[in-house]
Amino acid sequence: MEGETKRKLEVLRELRSRAVLGGGQKRIDQQHERGKRTARERLGLLLDEGSFQEFGALATHGLTDFGLDRQRFPGDGVVTGFGKINGRRVAVFSQDFTVMGGSFSEVQSQKIARIQDRALEAGIPLIGLGDSGGARIQEGVRSLAAYGEIFVRNVLASGVIPQISVILGPCAGGAVYSPALTDFIVMAGKGYMFLTGPEVIKAVTGEDVSVEDLGGAEVHTGRSGVAHLDAESEEEGLALVKALLSYLPQNNSEEPPQIVSEDPVERMDEDLNSLIPDGDNTPYDIRDAIGAIFDRDSFLEVQENYAANAVIGFARMDGYSVGIVANQPCYMSGALNIDASDKIARHIRLCDAFNVPIVTFIDCPGFLPGTGQEYGGVIRHGAKIIYAYCEATVPKISIVTRKAMGGAYVAMSSRQMRSDLTFAWPTGQIAVMGAEGAVRILYRDEIKKAADPLAREQEILAEYREHFFNPYRAADVGQIDEVIEPRESRPRVARALEILRTKVQQNPAKKHGLSPV
Ligand code: HXC
């Protein structure tokens, strides 16, 4: 009996040691030669030491089509389980490229779906590390159906638990859509994403494009806006996941964690008083304001290179997590366009879903004019910002630093759209439109008829500026709650956030609204 038990233990140990090797030592060596870590090495970097508990290590397929019986590996190309990041529980899966290129199979799907279900029920974040050639071709419809199992769980978990995808190798075909349904996509190391590969593109369109130019990090964090953060190395990419999680709650019924802040709330930054340049159109970097107002070094910018005319991200105030939305005057004068609208609207909804208060900085001349924008549907896209701000029930504070013109004033978290507290700096300009345009429309005849039209125009321009290029008209009518010195922003925002911490607001019951898409 003793011998029998011992043999059984040996069988388990043998199976486990095979499972750890994934597709085998030769494939692991190839993975390293490609400059990539293995699925398990990545989990080792992501999770607190010794915290990983694996489930499904021995699962494998029972198929024989197309020689699959010779390609049977314990784990079947994905490592799944639970662990901790900075002491907080997470569910994880990590695709194993050493097993048939990490191709997505029925068994992979069953394993991932199991941990998705557990993560949703337990209310803990889900992190997926992707390195996959897409649907396992030999499995046919089984692997297609398998994707559906993951997608439906991604969608049902959306807004309940944070979901983060990290792209560390190919993410091809159907493999792109689970990440696209999650809250964040981080691209790192050799990661790339495409729906249809270079060979198919060549055959269909004749275009010759490299994998990198088609779906590298530069493309997806810059042009397409598909990804949110990127890093040179796998370590840095995984560190970004930990940083992101530190701003988010475990689920939508909890608050984000508060950390102890060393930065005094009453600190005032004198430099802020001279941040806004004298010229109306002289650029400055709104990130200087963000950096000076929130807890030192706490700002994590998201989608930095996509629609740089808007800035979004997370910061902390007195150790509490805050979502940041801002126009960026040093890029396209901070005008709102299609891409910036998408970027801002999505971030508002994400913060709202996860109980992160939103602070909005406004310096925007309005929506970008032009046929390109109108034909591209700037009306539909711009409406997303309005929808998102109106719908959001988290605390919302706004600060007009300079221009709040026309549509931008209304859209960017205005009072009527349920902004809780609105501040303006003395440099604020709140008007329906810029001075030149307004004067041309309102005083066309008068200027034409004047003895010296140029001089008259200058006179009226000065009057218009005097009247509207300050925040006091808006404060008079209660559109701005308080005009503050820029240097006072940190203590004022901190106290406002403190007041609003227990805010309760509810929207009418409905199945769901129709946010413009
Ligand atoms: C089965 C696959 C595979 C796949 C890769 N492999 N992708 N096996 N199904 N989808 C295998 C390769 O045959 C190879 O096995 C091993 O994985 C490593 O792949 P390589 O090609 O050597 O790696 P690399 O040069 O890095 O190229 C990676 C790649 C390429 C760009 C991902 O493998 C590729 O183009 N794969 C197919 C991608 C694709 O079109 N997938 C879409 C499927 S359709 P051996 O044994 O030869 O080393 C789909 C639709 C779902 O996903 C839609 C749902 C909405």
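The values are calculated or read from the model by the stated rules, or taken from the named source; none is laboratory data. Not measured: the values here are computed from a predicted model. Neighbour counts run over all protein chains shown; Cβ positions are idealised from the backbone, glycine included. Surface accessibility is based on the protein's heavy atoms, side chains included, excluding ligands, DNA and RNA. Shrake-Rupley method; radii C 1.70, N 1.55, O 1.52, S 1.80 Å.
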Furthest towards positive pole of dipole, Ala404, Val186, Gln116, structure part the chain, Cβ charges:
Gln116
So the carbon and sulfur contribution to the accessible area of the chain, 1.4 Å probe, in percent, is 53 percent
Violations at 20 Å Cα threshold for listed pairs Lys396/Lys503; Lys343/Lys384; Lys26/Lys84; Lys84/Lys242 -> Lys26/Lys84
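What full-extension length gain, to one decimal in nm, is calculated for Asp452 and Arg34 as 0.36 nm per residue of separation minus the Cα-Cα distance?
Going from the current span to full extension adds 143.1 nm.
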Interchain or sequence-distant (5+) residues whose placed amide H lies within less than 5 Å of the amide H of Cys330 are Tyr284, Ile286
Charge-dipole axis of the chain as Lys and Arg at +1 and Asp and Glu at -1 on Cβ define it, positive-most pick from Pro516, Ser413, Val439
Pro516
Measure of exposure for Glu254: accessible area at 1.4 Å probe, Å² rounded to 10, is 70 Å²
Mind listing the Cα extents of the chain along all three principal axes, in Å, largest one first?
108, 56, 45
For Gly513, what is the net charge nearby, where nearby means another residue's Cβ is under 13 Å from its Cβ and Lys, Arg count +1, Asp, Glu -1?
+2
Segment 15-161: antiparallel DSSP beta bridges as a percent of all, rounded to 5
70 percent
Which order do peptides 274-281, 285-292, 473-480 fall in by mean Cβ count within 10 Å, highest first?
285-292, 473-480, 274-281
If I stretch the segment between Val204 and Leu58 completely, what's the gain in nm (0.36 nm per residue apart, minus their alpha carbon distance), one decimal?
48.5 nm
Under a 1.4 Å probe, counting only protein heavy atoms, Cys390 has an accessible area in Å², nearest 10, of 50 Å²
Computed over the chain, protein heavy atoms only, probe 1.4 angstrom, the accessible area per residue in square angstrom equals 47 Å²
Note, segment 43-55: 3J(HN,Hα) by Karplus (6.51, -1.76, 1.60, θ = phi - 60°), whole Hz, Gly/Pro = x, goes 4, x, 6, 6, 9, 4, 4, x, 8, 6, 10, 8, 10
Arrange the peptides 393-401, 262-270 so that the one whose residues have, on average, the most other Cβ atoms within 10 Å appears first.
393-401, 262-270
Set Lys and Arg Cβ to +1 and Asp and Glu Cβ to -1, take the dipole of the chain about its Cα centre, and tell me which of Ser261, Ile344, Gly478 lies farthest positive.
Ile344
What does the accessible area of Ser224 come to, in Å² to the nearest 10, when a probe of 1.4 Å is used?
50 Å²
Placing unit charges on C-beta atoms (Lys and Arg positive, Asp and Glu negative, everything else neutral), compute the dipole magnitude of segment 280-337 about its Cα centre in debye, rounded to 20.
100 debye
Output ordering of 229-236, 304-311, 77-84 (per-residue mean of other Cβ within 10 Å, highest first) is 77-84, 304-311, 229-236
For segment 420-517, calculate the relative contact order in percent as a whole number, restricting contacts to Cα pairs under 8 Å that are 6 or more residues apart.
40 percent
Just how large is the dipole of segment 80-199 about the Cα centre, in debye to the nearest 20, putting +1 at every Lys and Arg Cβ and -1 at every Asp and Glu Cβ?
360 debye
Can you tell me the relative contact order of segment 379-424? Whole percent, Cα pairs under 8 Å, sequence separation 6 or more.
47 percent
Normalised contact order of the chain, rounded percent, pairs of Cα under 8 Å and 6 or more residues apart
9 percent
Restricting the count to DSSP beta bridges whose residues both fall in the chain, what percent are antiparallel, rounded to a multiple of 5?
35 percent
Compactness relative to 2.2 N^0.38 Å, alpha carbon Rg of segment 66-212:
1.05
Given backbone amide H placed at 1.01 Å from N, residues whose amide H is under 5 Å from that of Leu129, ignoring those fewer than 5 places away on the same chain, are Phe93, Ser94, Gln95, Val166
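Roughly how big is the chain's charge dipole about its Cα centre, with Cβ charges of +1 (Lys, Arg) and -1 (Asp, Glu), in debye to the nearest 20?
The calculated dipole for the chain is roughly 1740 debye.
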Please list, in chain and number order, the residues 5+ apart from Phe361 or on another chain whose amide H is under 5 Å from its amide H, with Hs placed from the backbone.
Val325, Ala326, Asn327, Ile399
